[in-house]
1. Using only alpha-carbon positions, what ratio does the radius of gyration of the range 1492-1559 give when scaled by 2.2 N^0.38 Å?
2. Please work out the Cα center distance from the range 1294-1323 to the range 796-813, rounded to the nearest Å.
3. Would you list the P(r) distribution for the range 500-656, with all Cα-Cα distances sorted into 10 Å bins from 0 and each bin expressed as a whole %?
4. Given +1 on the Cβ of Lys and Arg, -1 on the Cβ of Asp and Glu, and no further charges, what dipole in debye does the range 511-610 carry about its Cα centre, rounded to the nearest 20?
5. Sequence-distant or interchain residues sharing an amide H contact under 5 Å with Ser660, placed H: which?
6. Ignoring ligands, DNA and RNA, please state the percent of accessible area on the range 404-531 from carbon and sulfur, probe 1.4 Å.
7. Going through the cross-link list Lys378/Lys425; Lys1249/Lys1288; Lys378/Lys451; Lys324/Lys1564, which pairs have a Cα-Cα distance over 23 Å in this structure?
8. Within a Cβ distance under 15 Å of Ile547, other residues only, what is the Lys/Arg minus Asp/Glu net charge?
Amino acid sequence: MASKYGTAQQSTSTDLGRLWSQAIKDYNARTGKDLSSMGAYSMAEVMQSTEAGMKRFKGFRDDGSKMAKFRSCMGRHLGDIQKCIDGLAVVGAAAGAFPPAMPVGLVFTAASRLLSAFAGVKADYDRVESFFAYSARFFERLAILENRAGSGPLAVAVVRVFSMQLSVCGRVEFMVKEQRFKQWLNALWDLEDKELVGAYAAMQASIEELGQAVEFESYSAIKLVQDDVRTGNQKLDELDERIQNFRSTLGEDIQQLYASSLKLEVVINEGFFAVQKRHDESQVLLAQILKAVEKPRGVTSHDEKKRAGAGAGGRAKGDVGDRKFKALRAIKAYFTDHQSIFPSWTDAHRENLAQDKDMHDSLVSQTAGWLDQNALFKAWVERESPLLWLKGVEGMGKSFLAYSTVQKLRSQQDEHNCLAYFYFKEEHPYLQSMQNAFASAALQIAESNSKYAEQVAARIKEDSGKSADVSTWKRFFLSMFPGGSKTEGHLFLVLDGLDEAHVKQGGTLTEFLSDLKRENANISVLATSRPEEQPTLQLLEPATLNITKEEIRPDIKKLIKNRLHTLPRLRKFSPGVKNAIFRKVLKQADSMLYVEHMLRRFSYIGRERAVLEDLEKMPSNLHDLYQLLLTECRRDRSDEQYQAMKKMFAWLAFSKRSLSLTEAANLVQLTLSDDTFDIEEEIIGRSSRILELSQTRQLDEDTKDDDDDKDDDDDDDSKSEGEPELEYRNSPLTFQDRSLRQYFKSISVEVDDTSTEFRTPAGAAHLTILQMCGDIMIKVAKTEDDKTASELAQYAITYWYEHLKELDVEKASNEVVAQVLNLLYLITSNTNNIAKLFGRLGRHTDVYPERADDVPTPWFDALLSWTKKAASLPVGTLGADIREWSESVDEDNVLLPLARGHVNNWLDANDQWWIPENFRFAKAALSLVHRFEPAEDEPLKDIHSVMSTFDIPLDDFKSIRAIGSTLCGYAYDVSDTDRQKEMLTEGVSYLKQAAERMEGDTMQQIATLLLLAPKYEWIDQGSEAIKYYDQAYELLPNADDENLGDEKRKEVKDIRSQLPIDKARVLQSLKQIDAALGQYNKAREFSGEQPLSGWILDDITMLFDEEADPDGTKLMAVVKSWTDKERNSWFAYCFDGYGDGNAVTRMQRAAKITRETDLLIGWLTSLGKSLPPQSYFLFNIRGALASLYYPILGDVEKGKTTRQEILTMKPKVESWYEEQMNEMMTQYRMQLADIIFFQFQESPDPLRKEALIGEMTHLPNAHDDDDLRESHVGMLRANMVRIMGPAKEYQKYMNELFTTCIQGLEDNVSWNDSSSLRLLSKVLASLHGLEKDARIAISAQFSILDRSIHDQGTESDGSEASSEQEGSEPDEQQEHTAQSDSTENFEEVGVEEFEEAAPGEIAELPTTDGTHDAPKRSKPMPNGSTNDDDDDEEIGRGLFDDAPDSKEEPPAPDASTSNDAQPSITQLPQLDEDATEWGLGCDGNCGTSTESWTQPFYYCLVCPNTDLCEGCHEKRLAQTRGEVSEPWVNFCGRDHRYIKAPMKGWKGVKNGVIRIGEEEIEVKEWLRVLKEEKWQKAWEGFWTRQGGLKDIGDEE
């Protein structure tokens, strides 16, 4: 074979030389032009050289279409030649087939000259066009061979074709040269010229030869492929045998083998996560729905389980400076708990901030300067006018004026002057909500003003659970900025685009502004909008600034100059043209928007002469400009495309919410039968100046991730590219600007010229949308597989009746009445069971709203006004059925067909969600037609009432099943436990009857059993649940049965996978651990390559708690048996989003006890490498690694560096994770400080100590506004400086800490006093003479210090109109951790105990690491006991004791506390005091917590923020003495000092009075004396101390 191919190549070279030589010789002879020295031309060069000739045609044949057609034909022809040559050039160069000069390019040369010749002849060139069209078709086919002409013979055949065409071209140009062009045309088609006939025939023959060559080449390629396949199969068999042997010896999984062998593990993992994340999201949503209805008595969803465990293991009490983040969390929780009032508030807040960023980037500098000089605006800024209204027509730049105002006020913002803003937009309903505007404004103020945040959070906390109604504006604004002195604080609130908001007379905005003016609050509001159609703002008599062209003329000048220098084509224009544009646009412009559109238009044109011509016919105003844009958009479109676009524009103009790009594309598909119109191409093409995608800008740009991820492989790239596409497809499609939408809505009647007008009058538009909504609903109800219609079904269900209400029945024509009646008849007749669609996509309260005086007329009542018009319609206008229906329908029967549909759907449903849901729809429909009256607390009567309406038999199998499930659904809403169990038991009895009477197909029977089984679990009869789960499993058909359809096969597989999980959950509750594990493993087996969801895998790990798995081996064995995908799925659950601290603790404990921490570290490190560097997922993984390194493994350096890495991260998180992340950042910062302090204590090197002080001083900030003066970290730094000096600097740091604590206690915020008291107790404990005050401070942490401040603002204004109904806040139960437990919302500070030492001279600190044992040192330590009999001795040996060092050993512990047994706990009497609701948790991992002094606690003076209960404190001391073994993870540290609380005789604080025994002192007086007398006196003692000198030798 080798010799054969060698011969072929030899002859090819010779043959090619002869062919090309002959072709060039013939061409030169006929044309007189030598081509031998010419190189290859490109397609662009050829077209450029013939452009002038093309234009010459236009002089004698002004036929644009033919010329365009000819040019297009030539372009395609030459382009296809170029494509072929590009593909063959590589082969030719490799094989030596083509000469170095690339003679193939001569074809381009000849073609170029041929075109020039054609251009010079005034003759009909249609035949020339036909010739090249023929050639073009050939080269289109030849282009298929691009990059495939791999053999010599095929290359030869191609070259022959080129050569023959070259000969034809040469003959043509010769004839043209001889002025025989017409002869050539005749000869070409009549076959008269012999030479031409010969050349043409030779070309055709070469084409036929090429076809044969391709066939033989194809056969050869197929043969080679077959041979390769056979060889490959043999190798695969050998490889498979080797793999089988490998598996049998090593027990490795094939996938794992390939991953490790081919080094594709990262690719596999990342690919898995891309799919798994999608899967988990759907599983999460399904699980939340199922668990919401599955077990009413306390079963939480896995997300709630994660929240419950979020504090375990990592998140601690936080620092004093964390008060703002805790306050923000409380405020956000309030908005989340009132979602009905603040719909999608997180999206609204995020997009509002992003809009502000966009405005910043788009603002032209030095504009809006005229506004500062306006008297009305100056008066508003100076707080002389509470309300300023910037009013102007569209396009005047109102939003940029609002932003300029924000920028001006932002520079003046401080702790007294606050600023907030909101940009209303029509794109989403949540951006039109006034309540969301208030929410975003409150968050902006809270994020910039800690004092505001803390005060608002305190009032939310105090109002929790109270029934008083407080309006949003009262809670967040009026109460915080009350009238009075201007120095008390002022709020500037900027609201842009009120005409785009849901604003009405007497609504939320009106009430807010009325209350603001009535109370004379320190709030100034600036609003922008267009002139109002209905008076709202003007009724409040605001100061009104009318924005006119004269006012904004300076801004128009600046905008024109800016765009002339920034728009890409305009900036290249000559100065003269730019000046002409400037003068003309300035003269003509009536708005800022006019300037933007015109200059974009000129930039699009891009040619100076054309722009100058366009300047002479500029539109006179903005509306004329819009008409010009639409006229150009209409040009060259078919009537079908025009109608489709007109309907789409009607939707975009009059829809009740913005359509997404996907919805708009599907809308076009519904109206256009072909695919000639692509909406995405329109957005970037012809309609780019009309339409745009309203994509939200991300505040955190992702560009740096691109650099960090540049080494990722292809799979990762594809993963990252898929998600943004999905995101942009869901983005709203809108008009370029709101004024353009108003222009579309401004037409009042249909114009005569329907061929060019894109606008539709309001009535016709709403009718069009209504008809399409009806068609979509009926179509989707018939078949849910219609994806085109289903995308729009949600809109249709939600808004169809809103468009019905927009139609005026009295003014409607007969034709319109007939159309509407036909649609209403189809809907109310339940065509295609449209009731099921209502149930699936709607809410019963929305579809069937209750009648009320203060709500709009519901659609079913509005329907009756249309049916009354039927009588006046001409005969034949309506069908007989519709006319009969319209004559008989009334408010008592209009909804009966739909109600019957809901009842049928109720009976047919077979799961616990849809059965009660369909029943709710049936009840709602029947109650509106007066066929149903609910019975008080008698659900069975409700059910029988509905069934009797339609004579549904009670003893039918489906009826009994529906009754049982509905009763269980009722039980879910019952709060009384006994009543709930009674109803559940009754429901179970019905379901059991249904199971006994099961009929129908197998799947229906299985569904019935699956309804019954979990109900037994609800009533604590797990064994019965297992019984029915087993019955259901036995009924399952074989999933591989060929008789099963695809849909049923999928259903069988899903049930088969879920059943073991449900059964395992029951077995777990029955403590049958091994059986439960077996069921979980069966579920894993059924899931195949797709791993179970992370929360299910976490349930598996929960089988092995400390009781069931004391040595951790079982848990580690299970996790090691999982595949990488399964482990990563579990890790994703544990670390992505709300990190589950309980799960993390489980895995760390098992790894530590089994000494397999290296394995866990390897898993987490490998997973971390596959994640984006700034992901919250990675942030949580690094946190787990940090705690593994230290304190669990005691690796101080790795623990330190890992925490340093964490603090440099800037994770991108959703808003609901933000506060948790902030608190975690604080926690890692305190842990890092704790490590540095430990290293400081352990180091004997003064230079090393100095370096560590530097590290502490320059500790990485967890947040932008971190301040050591209000931090436990600052206390650690002060302790370090006390050792190293200078003492003067130590005093400076202590004074700063003391001042911060006192200010926190003297401000007008009550709820954060606890954190200030805790830090203050440490500060006071460091100086002699303040020991008692230190114990007062720590004992008072549960107390309300000032009742008047605490109660301020909690009383509601009864006369005020309420904007919402307040519900009780979520339970803020404190979570506890293995190390440093976290407290939810404001419960950060707990109880601490301290045996404080008075400070003396600079002395050595005790050793500590805060969380892990230090090396043992021979230093005396306290045994935890204190002498409470004498106030002077309340603080025992302390942190800095100047007393002579005692060498005596501590007293031996009591026998009751010298072993692992839990020591007895001192029980304290309940105090009669003013107590807060804050809680305190023990950090000893015992789970102890308290909200009052029911038992003593010990507060560590060394750790940043650690509390121990009495039992754990004794354990810690016993561990230090070596009497009790160390736990798997240490809490607190060796040789630490504590302050014990409460102090002896503590009776709490009552009415602002501290009570200790018989002693009483007012809190304010205590603080005054402490601040003015005791603090200074203590420092006097510090500076006059004796420096630790003592007598020596007295003992002799």
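The values are calculated or read from the model by the stated rules, or taken from the named source; none is laboratory data. Since the structure is predicted, the reported quantities are computational estimates derived from the model, not experimental observations. Reconstructed Cβ throughout: ideal geometry from the backbone, glycine too, with neighbour counts over all protein chains shown. We work out accessible area using only protein heavy atoms, side chains counted, and drop any ligands, DNA or RNA first. Shrake-Rupley method; radii C 1.70, N 1.55, O 1.52, S 1.80 Å.
1. That works out to 1.37 for the range 1492-1559.
2. 62
3. Values per bin, smallest distances first: 8, 26, 23, 24, 14, 5, 0.
4. 1440
5. Counting only residues 5 or more places away or on other chains, the set is Leu733.
6. 46
7. Lys378/Lys425; Lys378/Lys451; Lys324/Lys1564
8. -4
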